[in-house]
Amino acid sequence: MFSSSSNRCRRQSIMIAVFASLMIELYFSSVYTAKYLPDRTIPLLLQEENLKNSSLPSVEENVFYFDETVMENVLATFAGAYSWTQMIEAGHASANKFQTEPLHATVDRRPLTASRQIKLDKSGLHENGQLLGCALSASTFVSHLENLKFEINKKGFDVKNMRPVSCDVCFQFSNQEDMAAFIPGIKHNPIVKNKILSASTKCVRGKGTLNAKFAGWQKALRVKEGFVGYGYPWIVDCTLPNGILDLTCREISKLNDKISSSDALQKIYLQTKITLDSMFNETETNIEKSFDVFTSWPWAALRSHDDDRSRFASQLPQSWNDTSSMFVPSSAKKLKMAHVIGPVYKLGKFEGKMSLQSMDHNPDSDGGVHFRFLADLFHLIRNAPNSVHITAVVDGQAQRTREVLVDLLNTSIDLIYPKYGEAMFGDPAMLQKREYIPFYTTTKLLSLPEGQKLTLRDVLRLRGIKIHLVPLITPPSLMEQTVCAGQYSFTSFLATRFSADYQVMMYVDGDTALVENHSLTLQEVMYNRFFSENSNKCAGHRLQLIEQYVRPEDETIDRVLQCTKKLMNDPKRWKYVTENCNLREGHISARTDSINLFSVHHPDTQEEFAPAGVQDCITPSNVDDPKYFLTADEGIQVHLRRGERKKGCSCFSETT
């Protein structure tokens, strides 16, 4: 039995597939087209006269981080990564119709991967995590999903029916002598047949596994005409042998840094091979045949902000409540949490067709910034102090989005939130001292001299909140030929890249807001679920998704916030919407020591490698089990949608 993903993602993909000519609002997960909003507020914030300097002394303290390391990965991928197909058997059939493209690849920083390597290493070659073989995760787009032959189960892809996956890390030297001297116990071992490889290149074979998460509705879309040619990201996880210093991620990165000053080593790269099956027309007969997909990435496309995996591999928890580990907090106040949305982007129209909006030809565009993002941020300021807000943005709009966010940081809070900005966040002393801020609070502006205003930067700094903007590699094929336009590529990258930096991560749609009817912070809710004595001991949890239609006349930041305020403070309305407007499956939160894939709506784990006691609580057919699903009493994910799905499930509706 397969779970059904969000209709808004599915519907929007169909619109793009048939290139609808009407000006329709597109509902990708975490995607907004502010161009079509009847009342735009953000461009006003870009005007020079609205930018105000902070009155507080530490205004330059970092509350915003543009991920330059990921941007370097993106550029290195476009510059040096490539992919190709090759039929396994000779004949007239050709796999040329399958378009393949390299997507994100990264050093695998999942604690779960390190735990798996250690537990499977019966000889102890890993030396308490110091000599863990490098682990990598790499994604390749393959088109024409409708022509591929495969089976799926409730967990996603049925790997039992797949051929072995190959992966090599290759070291190309200028001569054979230096090649032979490098890790002499390992032989020259290329994975590409019928392709000439330099005799001075040594390829180290890793253990490869294939991951792909297909929901039931995606399988059904394979036969729909509007999706002909659409593809999917296929993810190869690769681990090198333990016990060899030069094969740890940190040492490979050090070697790569020395290439510019070396006469011996010329380049380092990862190469993967997956085998797929399809029907081919050969001599007027349809025959099932197999073909290989090869992809290669230069090491600069893979390296992360911290390739020393021993930093966390030696501190993995032995049990679900092992507070001696860096991944298990001793209290809610010490919980390191990230809240994640994306990818965000803005669509436009070019030659009558929907397309990613050009930033060069739309100088007034806000890129991936929209006031649904600001509404979500408003609530995080209230209920999630000392946390990180990660936002993924397509690489073609990353620089504009960065500029807009920096301008917003230097904008007075009362200009961003005209009705609620100063009323909620006008007192610096309260912002700094109070952990949870209820939405009915009205502050007295006692801490600032008359005439001085707090900026968004000030408010975020006082609340201990940082915005982390992550550019997502988005070749045209990923934007134009996949459902949800890169969401499934990003969520796999999210787990592999950033899990080791936090203890809990939440992934949600960017057009939603996390609200509550209690006085707990998000950290307290997550701590209670994952780490407290009352914990359900689950690897991950599903949020309740409550839909509220926002009418066109209410499309302003103040009205959207007023909608959530009324919901939070009206017990009668809260009861009605949580019982009647829970229309679609929500998104997820997970322990970072146990997450394998953030599969959008599924926090997938591998229970045998998670800390003792941690369970895979995903329910069959997504049955609403309170052990797995967060209850309405813990908080809800409000989807502020632009289309009414059910009467009574609208902002300011009287049907309660």
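How large is ³J(HN,Hα), in whole Hz, for each residue of the stretch 630-643 in order, when computed from phi with the Karplus curve 6.51 cos²θ - 1.76 cosθ + 1.60 and θ = phi - 60°, using x for Gly and Pro?
In residue order, the calculated couplings are 5, 8, 4, 5, 8, x, 9, 9, 8, 8, 8, 8, 10, x Hz.
Give, as ranges by residue number, the residues of the stretch 364-382 whose backbone N falls under 16 Å from the point 7 Å along Cα→Cβ of Gln399.
364-368
Mind putting a number on the dipole of the stretch 517-640 about its Cα centre? Charges go on the C-beta only, +1 for Lys and Arg and -1 for Asp and Glu, and I need it in Debye to the nearest 20.
My answer is approximately 360 debye.
Compute the length gained on full extension between Ser94 and Lys627: take 0.36 nm times their separation in residues and subtract their Cα-Cα distance, giving the result in nm to one decimal.
On the way: separation 533, 0.36 × 533 = 191.88 nm, distance 4.97 nm.
Contour length minus Cα-Cα distance gives 186.9 nm.
Rounded if a/c is under 1.5, else prolate if a/b is larger than b/c, else oblate: which is the stretch 271-372, with a ≥ b ≥ c the root eigenvalues of its Cα gyration tensor? Please report the intermediate quantities before stating the final value.
Details: a/c = 2.60, a/b = 1.28, b/c = 2.04.
Cα axes put the stretch 271-372 in the oblate bin.
May I ask you to list the residues of the stretch 458-490 whose amide nitrogen lies under 19 Å from a point 7 Å from Cα along the Cα→beta-carbon direction of Lys353?
Inside the label zone: 474-486.
Compute the projected area of the convex hull of the Cα atoms of the stretch 497-656, averaged over all viewing directions, and report it in nm² to one decimal place.
Values: hull surface 40.3 nm².
Mean projected area of the Cα convex hull: 10.1 nm².
So for the stretch 233-292, what percent of the C-alpha to C-alpha distances run longer than 14 Å?
72 percent
According to a simple spin-label model (label point 7 Å from Cα along Cα-to-Cβ), what is the distance in nm between Ala264 and Ser290?
Using points 7 Å along Cα→Cβ, the separation is 3.8 nm.
In whole Hz, with x marking every Gly and Pro, tabulate ³J(HN,Hα) for the stretch 367-374 from phi via Karplus 6.51 cos²θ - 1.76 cosθ + 1.60, θ = phi - 60°.
x, x, 8, 7, 7, 5, 4, 5
In Å and whole numbers, how far do the C-alpha atoms of the stretch 342-393 stretch along each principal axis, longest first?
45, 18, 16
Could you calculate the contour length gain from His518 to Lys334, that is, 0.36 nm times the residue separation minus the distance between their Cα atoms, to one decimal place in nm? Working shown, then result.
Numbers: separation 184, 0.36 × 184 = 66.24 nm, distance 2.05 nm.
Here the segment from His518 to Lys334 would lengthen by 64.2 nm.
What FRET efficiency would be calculated for the residue pair Gln432, His305, taking the C-beta separation as r and a Förster radius of 22 Å, to the nearest 0.05?
0.15
Would you grab the residues whose amide H sits under 5 Å from the one on Thr201? Only those 5+ places off in sequence or on another chain, please, with H modelled 1.01 Å from N.
Phe173
What nm value, rounded to one decimal, do you get for the distance between Ala199 and Glu608 when each label is placed 7 Å out toward the C-beta?
Inter-label distance under the simple model: 4.3 nm.
Which is farthest toward the positive dipole end of the stretch 284-349 among Phe291, Phe312, Ile341, measuring Cα position about the Cα centre, with Cβ charges +1 (Lys, Arg) and -1 (Asp, Glu)?
About the Cα centre, the residue reaching furthest to the positive side is Ile341.
Which one of Ile437, Leu456, Ile467 is farthest out on the positive end of the charge dipole of the stretch 339-477, using unit charges on Cβ (Lys, Arg +1; Asp, Glu -1) and the Cα centre as origin?
Ile437
Can you run phi through the Karplus equation (6.51, -1.76, 1.60; θ = phi - 60°) for the stretch 321-334 and list ³J(HN,Hα) in whole Hz, with x for Gly and Pro?
For the stretch 321-334, the Karplus-derived couplings read 10, 7, 6, 6, 8, 5, 9, 10, x, 8, 7, 5, 5, 9 Hz, x marking Gly and Pro.
Rounded to the nearest 0.05, what FRET efficiency is calculated for Thr619 and Arg551 with R0 set to 56 Å and r the Cβ-Cβ distance? The partial results should precede the final answer.
Values: r = 35 Å, r/R0 = 0.62.
Taking R0 as 56 Å, the efficiency between Thr619 and Arg551 is 0.95.
For the stretch 488-582, compute Rh as the Kirkwood radius over C-alpha pairs and then the Stokes-Einstein diffusion coefficient at 25 °C and 0.890 mPa s; write the answer in µm²/s, rounded to an integer.
Translational diffusion coefficient: 154 µm²/s.
Please compute the length gained on full extension between Arg163 and Asn386, using 0.36 nm multiplied by the number of residues separating them and subtracting their Cα-Cα distance.
Details: separation 223, 0.36 × 223 = 80.28 nm, distance 4.58 nm.
Once the chain is fully extended between Arg163 and Asn386, it gains 75.7 nm.
Please report how far the C-alpha centroid of the stretch 337-407 lies from that of the stretch 481-504, rounded to the nearest whole angstrom.
16 Å
Evaluate the distance, in nm, between pseudo-label points positioned 7 Å from the Cα of Arg645 and of Asn175 along their respective Cα→Cβ axes.
With each label point 7 Å from Cα toward Cβ, the separation is 6.7 nm.
Bear in mind that the values in this text are calculations on the coordinates, not laboratory data. Quantities reported herein were computed from a predicted structural model and do not represent experimental measurements. Glycine gets a Cβ as well: all are built from the backbone with ideal geometry, and neighbour counts include every protein chain shown.
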